[in-house]
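S.K.: Okay, here's the structure, questions in a sec.
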Amino acid sequence: RAREAIGSSCHFYTADMHNRVIDRLNTEVALYRGLERGEFELHYQPKVDLASGRVSGVEALLRWNRPGCGLQMPDRFIDILEQTGLIMDAGDWVLREACAAVRHLPLSLAVNVSPRQFQHPRLGERLMRILDEIGFPADRLELEITEQIVVEDEEGAIATLHDLASRGIRIALDDYGTGFSSLQRLKRLPLHTLKIDKDFVMSLETSRADAAIVRSTIELCHQLDIHVVAEGVENDAAMAMLRGFGCDIGQGYGICRPLPLARLTDWLGTATVSALAGRRPGG
Ligand code: C2E
Ligand code: MG
Ligand code: MG
Ligand code: MG
């Protein structure tokens with residue numbers, strides 16, 4: 001049956017390919033079941049205002065407790081959710097779960113949205129229905145999109161972004177600097193926030209080129225009234241450099257790893273004050 005699934009145009013067919021097809025089908029079925037059985041969970045990674053040291057918000061990151069396989073990271077399954085269309089139901093679950101978790105915390109919430117979710121013809125309504133149901137204010141939600149969303153139909157994407165903005169939802173451009181980054185697009189998209197990809201931030205102290213790119217991206221964004229988040233802040237040296245560059249917000253393992261909700265609230269209650277107080281300039 002796997003042979004049929006590959007199709008008759010396939011000339012080379014090996015045991016290895018066979019195994020990969022079977023693997024993939026098994027994973028699809030397991031994901032479908034996992035959604036029904038509640039095997040997904042969210043971890044939350046804090047974002048810190050670099051000038052004040054305050055936690056400004058969290059990003060929700062999806063994890064999958066696959067039976068017999070342990071906790072799976074998104075790179076193992078997001079593409080499959082996307083290709084099968086399961087991302088629509090998974091995305092609704094993520095938003096509902098994250099809003100319910102963060103509702104009573106004084107924090108903004110960032111949620112990742114993949115291209116297929118973004119292209120849903122009534123995305124705004126779909127999101128608002130969930131926000132209303134949970135009682136989560138739209139202006140505390142930030143959607144993290146990537147430039148992939150815009151590549152196919154830039155006009156349509158811009159219209160959608162304006163619709164979301166009119167509802168009060170904020171938009172962040174994720175992973176900036178990798179892939180399709182274009183200044184033309186940066187100018188045209190109604191963005192609140194830009195997230196500089198961790199590839200640049202992680203090598204800030206060792207690469208003059210990356211430091212220059214990060215610094216000038218921050219300046220450019222500020223000229224365009226766009227907030228800047230640096231992702232992948234792994235240590236104090238990077239944090240200090242970013243603060244010197246005027247970067248608004250930092251996110252990374254050096255501040256806090258993504259945590260399950262209970263551990264996040266512990267961290268917010270205790271670690272924040274001591275961990276971040278010492279990192280303030282002169283503090
Ligand atoms: P992203 O949105 O760019 O998320 C940042 C990724 O970098 C996360 O990986 C995070 O754990 C990791 N990270 C954070 N700080 C550091 C650091 O200091 N160093 C390093 N090396 N990594 C750091 P994660 O959780 O594996 O997520 C990977 C990607 O999967 C995300 O990238 C996002 O594109 C996607 N994703 C995650 N959750 C969802 C979701 O609910 N829906 C959709 N559509 N995509 C999601
Ligand atoms: Mg993200
Ligand atoms: Mg990112
Ligand atoms: Mg990424």
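S.K.: Work through the residues other than residue 85 whose Cβ is under 13 Å from its Cβ and net out their charges, Lys, Arg +1 and Asp, Glu -1.
M.R.: Around residue 85, the charge tally is -4.
S.K.: Take the solvent-accessible surface of the protein heavy atoms, probe 1.4 Å, and return the percent of it on the chain that carbon and sulfur atoms account for.
M.R.: 50 percent
S.K.: Turning to a different aspect of this structure: Enter the accessible area of residue 109 (Å², nearest 10), with the probe set to 1.4 Å and all protein chains included.
M.R.: Looks like 0 Å² after rounding.
S.K.: Within the chain, which DSSP H helices have Cα atoms that stretch 15 Å or more along the helix axis and a mean Kyte-Doolittle hydropathy of at least 0.0?
M.R.: Long hydrophobic helices here: 87-102, 123-134, 154-166, 208-223.
S.K.: Something else now. Which whole-number percent gives the relative contact order of region 49-111, counting Cα pairs below 8 Å spaced six or more residues apart?
M.R.: 44 percent
S.K.: So, one more: Given the rule -39500 (n - 2.57) for each run of at least 4 DSSP H residues, summed and divided by the residues of the chain, what is its mean residue ellipticity at 222 nm, to the nearest 500 deg cm²/dmol?
M.R.: Calculated at 222 nm, the ellipticity per residue is -14000 deg cm²/dmol.
S.K.: Restricting to Cα pairs below 8 Å that are 6+ residues apart, what does the relative contact order work out to for the chain? Please round to a whole percent.
M.R.: Value for the chain: 18 percent.
S.K.: Let me ask something additional. Got a number for the accessible area of residue 113? Probe 1.4 Å, square angstrom, nearest 10.
M.R.: 10 Å²
S.K.: Summing Lys, Arg as +1 and Asp, Glu as -1, what charge do residues with Cβ under 14 Å from the Cβ of residue 106 carry, residue 106 excluded?
M.R.: Cβ neighbours under 14 Å give a net charge of +2.
S.K.: If exposed means no more than 14 neighbouring beta carbons inside 10 Å and the site is in a DSSP loop, what's the longest run of the chain without any exposed chymotrypsin sites (Phe, Trp or Tyr not before Pro)?
M.R.: The longest such stretch corresponds to 14-179.
S.K.: Rank 16, 197, 236 by mean-square fluctuation in a GNM of the chain with C-alpha springs under 10 angstrom and give only the top-ranked residue.
M.R.: Comparing 16, 197, 236 in a Gaussian network model of the chain, the most mobile one is 16.
S.K.: For a quick check of your reading of the filter: which trypsin sites (Lys or Arg not before Pro) in region 70-127 sit in a DSSP loop and have no more than 11 other Cβ atoms within 10 Å?
M.R.: 122
S.K.: Then there's this: Of 213, 241, 193, which is farthest along the charge dipole of the chain in the positive direction, counting Lys and Arg as +1 and Asp and Glu as -1 at C-beta?
M.R.: Ranked along the dipole, the leading option is 241.
S.K.: Where both partners of a DSSP beta bridge lie in the chain, what percent of those bridges are antiparallel, to the nearest 5?
M.R.: That works out to approximately 40 percent antiparallel.
S.K.: For the chain, state what percent of all Cα-Cα pairs lands in each successive 10 Å bin, counting from 0 Å until the bin that includes the largest distance.
M.R.: Computed distribution, short to long bins: 6, 26, 32, 23, 10, 2, 0.
S.K.: Ok, one more. Please work out the average accessible area per residue across region 14-93, using the 1.4 Å probe convention, and give it in Å².
M.R.: 51 Å²
S.K.: Residue 37: net charge of surrounding residues, Cβ under 14 Å, Lys/Arg +1, Asp/Glu -1, itself excluded?
M.R.: On the way: positive: 33, 66; negative: 36, 39, 41, 89.
Result for the local shell: -2.
S.K.: For the chain, set up a GNM with springs between Cα atoms under 10 Å and report which of 218, 22, 171 has the largest fluctuation.
M.R.: Its mean-square fluctuation being the largest, the pick is 22.
The values are calculated or read from the model by the stated rules, or taken from the named source; none is laboratory data. These numbers were taken from a predicted model, which means no experiment stands behind them. Cβ: placed from backbone, ideal geometry, glycine included. Neighbour counts: every protein chain shown. Surface accessibility is based on the protein's heavy atoms, side chains included, excluding ligands, DNA and RNA. Shrake-Rupley method; radii C 1.70, N 1.55, O 1.52, S 1.80 Å.
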